[in-house]
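Remarks on the structure that follows.
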Amino acid sequence: MSTQGSDSPLTPAIERQGPWTTANLLTVFRIALLFPFLYMVSEGRFGLALALFFLASLTDFADGYVARRYKQQSRLGRFLDPLADKLLTTAGFVVMAIPHKGFASIPVWLAVAVVGRDLIIVLGSLVVYRLTKFKDFKPTLLGKINTLVELGLIVWFLVFHTTGRLIFLLPYLYAIVLASLSISGAEYIFRGAGILRRHRRTAQSHS
């Protein structure tokens with residue numbers, strides 16, 4: 001979502017600000033919003049859940065702006081910002097898949113696919129790091145698009161259930177999310193395999 005975790009180099013002046021900058025506090029506040037958001041969804045109070053999700057989106061924009069405007073980029077921010085986005089989407093899909101009275105949940109297989117893709121990427125990154133010591137893992141364009149698609153489904157799920165209209169469109173959105181998960185997940189797998197191949201060729205050339 002936001003770009004607080006930008007790739008601009010950290011200067012000593014930035015580091016002296018300490019980890020708890022205004023930008024990072026906004027990110028922590030976004031993580032804290034996750035709990036009332038999940039509660040509202042589980043209770044079927046979609047209007048309030050949508051308002052909380054909108055507030056979280058505003059803080060997402062705000063922390064990125066503050067980090068860039070006031071040179072508050074930090075290592076902690078680079079870790080917290082994508083973590084906040086991933087927690088919001090993953091937890092949102094899980095709570096939307098839990099059976100509830102009064103409204104249709106999303107398919108369990110879709111929540112499993114969302115969580116499974118993230119686990120595969122995390123575990124794959126750990127394997128690549130252990131074997132190659134490669135640390136420069138960055139989200140790809142398809143990965144960013146997938147995050148937007150996942151967030152978009154959460155928004156439309158809340159909007160459709162708040163208004164009681166167009167709910168029949170949700171299965172089509174599920175298919176789009178599944179396609180995005182598959183394509184972006186495959187890209188990360190191929191990217192990891194490429195890193196391993198390059199590392200093996202480098203090791204052979206020095207042997």
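Below are the figures for this structure:
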{"read-out": "Phi to ³J(HN,Hα) by Karplus 6.51 cos²θ - 1.76 cosθ + 1.60 over the stretch 76-92, Hz, x for Gly, Pro", "value": "5, x, 5, 8, 6, 4, x, 4, 4, 4, 5, 4, 5, 6, 5, 5, x"}
{"read-out": "The stretch 48-207 - percent of accessible surface contributed by carbon and sulfur, probe 1.4 Å", "value": "72 percent"}
{"read-out": "Probe 1.4 Å, accessible area per residue of the stretch 118-207, Å²", "value": "66 Å²"}
{"read-out": "Magnitude of the charge dipole, the chain, Cβ model with Lys/Arg +1 and Asp/Glu -1, debye to 20", "value": "720 debye"}
{"read-out": "About the Cα centre, charge dipole magnitude for the stretch 20-138 (Lys/Arg +1, Asp/Glu -1 at Cβ), debye", "value": "440 debye"}
{"read-out": "Net charge of neighbours whose Cβ lies under 14 Å from the Cβ of Leu142, counting Lys and Arg as +1 and Asp and Glu as -1", "value": "+2"}
{"read-out": "Leading residue at positive end of dipole, the chain (Cβ point charges), from Ile176, Leu50, Leu158", "value": "Ile176"}
{"read-out": "Whole-Hz couplings from phi, Karplus 6.51/-1.76/1.60, listed for the stretch 106-111; x for Gly and Pro", "value": "6, x, 4, 4, 6, 5"}
{"read-out": "Radius 15 Å from Cβ of Leu33, net charge of other residues (Lys, Arg +1; Asp, Glu -1)", "value": "-1"}
{"read-out": "CD proxy at 222 nm, helix term only [per DSSP H run n ≥ 4: -39500 (n - 2.57); per residue of the chain; nearest 500]", "value": "-25500 deg cm²/dmol"}
{"read-out": "In Hz, Karplus ³J(HN,Hα) per residue of the stretch 151-160 (6.51, -1.76, 1.60; θ = phi - 60°; x = Gly, Pro)", "value": "4, x, 5, 4, 4, 5, 4, 5, 5, 4"}
{"read-out": "Debye intensity ratio I(q)/I(0), log10, the chain, q values 0.10 Å⁻¹ (C-alpha model)", "value": "-0.51"}
{"read-out": "Where Val95, Val108 fall by accessible area, highest first, once all protein chains stay in place (1.4 Å)", "value": "Val108, Val95"}
{"read-out": "Set of lysines near Lys138 by C-alpha distance (under 20 Å), chain-local residues within fewer than 8 positions excluded", "value": "Lys86"}
{"read-out": "Residue-normalised accessible area of the stretch 53-113, given per residue in Å² at a 1.4 Å probe", "value": "51 Å²"}
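The values are calculated or read from the model by the stated rules, or taken from the named source; none is laboratory data. Remember, it's a predicted structure, so these values are computed and weren't measured experimentally. Cβ atoms come from the backbone with ideal geometry, glycine included; neighbour counts cover every protein chain shown. Keep in mind that these areas ignore ligands, DNA and RNA; they rest on the heavy atoms of the full protein, side chains included. Shrake-Rupley method; radii C 1.70, N 1.55, O 1.52, S 1.80 Å.
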